[in-house]
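The next block holds one structure in the form of structure tokens; read it before the comments.
The values are calculated or read from the model by the stated rules, or taken from the named source; none is laboratory data. Remember, it's a predicted structure, so these values are computed and weren't measured experimentally. When we count neighbours, we look across all protein chains shown, and the Cβ atoms used for this are built from the backbone with ideal geometry, even at glycine. Heads up: the accessible areas ignore ligands, DNA and RNA and are worked out on the full protein's heavy atoms, side chains in. Shrake-Rupley method; radii C 1.70, N 1.55, O 1.52, S 1.80 Å.
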2 protein chains.
Amino acid sequence: MSKPVFLPACPLPLADYPTVVLAHGGGGKLSKQLVDDVFLAAYPSPELARLHDGAVLDLPNGRLAFSTDSYVITPRFFPGGDIGSLAVYGTVNDLAMCGARPVALSAAFILEEGFPMADLWRIAVSMRDAAAHAGVRIVTGDTKVVERGQADGIFINTTGVGCVPPGIEVAPPRIRPGDAVLISGPIATHGITIMSLRAGLEFETTLQSDSAPLHRLTAALIEALAGDVHVLRDPTRGGVASALNEIAQSAGQGIRIEEAAVPVQDEVRGACEILGFDPLYVANEGKLIAIVAGARAAEALAILRRDPLGAEAAVIGAVVADHPGRVLARSRIGGSRVVDMLSGEQLPRIC
Amino acid sequence: MSKPVFLPACPLPLADYPTVVLAHGGGGKLSKQLVDDVFLAAYPSPELARLHDGAVLDLPNGRLAFSTDSYVITPRFFPGGDIGSLAVYGTVNDLAMCGARPVALSAAFILEEGFPMADLWRIAVSMRDAAAHAGVRIVTGDTKVVERGQADGIFINTTGVGCVPPGIEVAPPRIRPGDAVLISGPIATHGITIMSLRAGLEFETTLQSDSAPLHRLTAALIEALAGDVHVLRDPTRGGVASALNEIAQSAGQGIRIEEAAVPVQDEVRGACEILGFDPLYVANEGKLIAIVAGARAAEALAILRRDPLGAEAAVIGAVVADHPGRVLARSRIGGSRVVDMLSGEQLPRIC
């Protein structure tokens, strides 16, 4: 289901090293060969090519956004993406949710001895393509190798830096009763795609992860609404429910959502029913929650819908003066229920 | 041998959660409890307390240094430090080697289900103390939990940002024949400490890792010598030999060192002989190589020696016009040998 990717041949002679060996992380010749032949071949940025311990960047004046995430998802290749594209888009999105323009990423790999070199190359190329698509550069990195059995194939950390335009501050303390809560599209798609794969259900469907970079959406909102954008958040682990709870608690405000207004694809809703999940708690990797001044709700919705990634955006609720710190959902038949944070683990290793 | 550390009681009720469980990484209530009770308790920075997806920092104008490293060291507690202090000092040092003043770190944890909570707390406190000692703040983070058997206890990624003063550029292309090569103190101590522990040799000694933050040394050199500081590098994995080779190759210049001038503690030299290692290839975590204009060598040496971390600094060689891209060592008895990069793995998981 995922779109075909042009995968150039791995420049490392796979006959010599079909898999990762410990010395690829030892700091000597083989480490250098891995960096030169795989990572520099995939991301030929001038900063990375200097092979220094770090990168030095010229940034425009202003505030710096800085965000980190490690990615441990299993399976590592899935419809709609892989651990590499997820690692790029996930951190790009975290920067975008700070109101920033993402600029550069670091990429740090923990590899298990014996990891297939061809898979590493496929992931490196996927990260290259994702970085190009998201308009960021991978400028510095690190590789460690641990013994067989001491890690599960590959873990990736990406950390990003970005620029926050002057005067922009998106953060929970800025929300007020009357603000509108928007979602950029149908929820729960990433989590259900991964969970279906693991459960061996593929539903004879076209279900695929929504993993995507959201910086265009956030930039368009900020450009048009400026200070009327109060919060941006991508509801990943824990889903929309946990993200809204964190915002409500952090702001000391109540949030009310209309369940009927929350978009969910039919297939995803069906899978949620089969698997026993509430879509509000399932992870997303290409959706954002925007909380904006109520008077700008229609304008924000139009801006989101103008972009293909926001074509199915919806206003799903509002900030309210009642029940500070809590999230309530009004059901289709009119009753209200408390939407708490996810308690316990729902989907381990979803990102 | 390591100095006693004041370890405040873990604020998480250990009776309820004596070890990490999968839900500590799930994005819900238990994730929040872990972040609140362990990480926010250890690093109460205002940026981290906002619990947003990233931090927003005010930086002075100028260029940004940006560096990442993952830490997988085993054993995770060792004389002179632990995986937490190493993760802070290692990334602080990478920023310092860019000529930067380190400002802020991210900290991302990959935890194995079942990891002792008390060890996690001990590591968090160690990172707090190390960050305070190095003058940096931990401003954003991430926690993932993988199933038992899918990681070795704890892996930590730290990524750092720092400010490079205007006009400062330390990088291999700046070295010239006649430049002096300095080392800030005795080499191979970190690697030999770890290897001795693993081999069950403890030599009835006071051997301990040299892990330390080097930003004071680099700042003092840059303040006094400015543009005459050509390269700074901390010789970690692969040791002094690999670091000098990388510099020589990257610059297209030759480097000559005098073996007799390279400081090595007697105990370390003895352990190297027993274990069969050349100290030039053994990892350091609190030493730097500085390459400076030849005319400033004595001044640079005096500056390093003024600081306790550089008390045993030495001039160990020079950049030469001969053998570009290669490193030669003159032995105590007058002959010369090629000092190549480390080939293969010497000490897996040394950092």
Inset, instruction - Please tell me if residue A:334 is in the same structural domain as residue A:219 (by TED's automatic domain parsing) and open to solvent by less than 20 Å² (accessible area, probe 1.4 Å). - result: no
Legend entry - Unmet criterion (only one of (1) assigned to a helix (DSSP H, G or I); (2) within 12 Å of another protein chain (Cβ to nearest Cβ); (3) farther than 14 Å from residue A:304 by Cβ) for residue A:218: (3)
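With the structure loaded, tell me whether residue B:229 is more than 16 Å from the chain's Cα centre (by Cα), open to solvent by less than 20 Å² (accessible area, probe 1.4 Å), within 20 Å of residue B:92 (Cα to Cα) and hydrophobic (A, V, I, L, M, F, W, C) or whether it fails that test.
So residue B:229 fits the description; yes.
Return the only residue of A:295, A:314, A:283 being more than 14 Å from every other protein chain (Cβ to nearest Cβ) and either among the polar types (S, T, N, Q) or crowded, with 16+ Cβ neighbours inside 10 Å (or both).
A:314
Condition check ((1) among the hydroxyl-bearing types (Ser, Thr, Tyr); (2) crowded, with 17+ Cβ neighbours inside 10 Å; (3) within 10 Å of chain A (Cβ to nearest Cβ)) across all residues:
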| position | (1), (2), (3) |
| --- | --- |
| B:7 | no, no, no |
| B:10 | no, yes, no |
| B:13 | no, no, no |
| B:16 | no, no, no |
| B:22 | no, yes, yes |
| B:27 | no, yes, yes |
| B:31 | yes, yes, yes |
| B:37 | no, yes, no |
| B:43 | yes, yes, no |
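With among the acidic types (Asp, Glu), outside the structural domain of residue B:75 (by TED's automatic domain parsing) and at pLDDT 95 or above as the only criterion, which of B:273, B:299, B:267 stands out?
Within the list B:273, B:299, B:267, the selection yields B:299.
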Legend entry - Lone qualifier among B:198, B:237 - being more than 17 Å from the chain's Cα centre (by Cα) and basic (Lys, Arg): B:198
Inset, instruction - Kindly indicate whether any position in segment A:195-211 is modelled with pLDDT of 95 or more and either assigned by TED's automatic domain parsing to the domain that holds residue A:126 or of a type in the set (Val, Ile, Thr) (or both). - result: no
Inset, instruction - Answer yes if at least one residue in segment A:269-277 is open to solvent by 30 Å² or more (accessible area, probe 1.4 Å), touching a strand residue (DSSP E or B) at 6+ places or on another chain (Cβ under 7 Å) and touching a residue at least 24 places away in the same chain (Cβ under 8 Å), and no otherwise. - result: no
Legend entry - Boolean, residue B:280 is part of a helix (DSSP H, G or I), in contact with a Leu (Cβ under 8 Å, 6 or more places away or on another chain) and under 16 Å from residue B:183 (Cβ atoms): no
Inset, instruction - Evaluate segment A:222-238: report whether one residue or more is under 21 Å from residue A:317 (Cα atoms), touching a strand residue (DSSP E or B) at 6+ places or on another chain (Cβ under 8 Å) and part of a loop (DSSP other than H, G, I, E, B). - result: yes
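Out of segment B:241-256, which residues are among the hydroxyl-bearing types (Ser, Thr, Tyr) and in contact with a Gly (Cβ under 6 Å, 6 or more places away or on another chain)?
The answer is B:242, and nothing else.
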Legend entry - Among residues of segment A:53-72, those that are at the interface with chain B (Cβ under 7 Å from one of its Cβ atoms), more than 11 Å from residue B:64 (Cβ to Cβ) and either open to solvent by 10 Å² or more (accessible area, probe 1.4 Å) or assigned to a loop (DSSP other than H, G, I, E, B) (or both), counted: 5
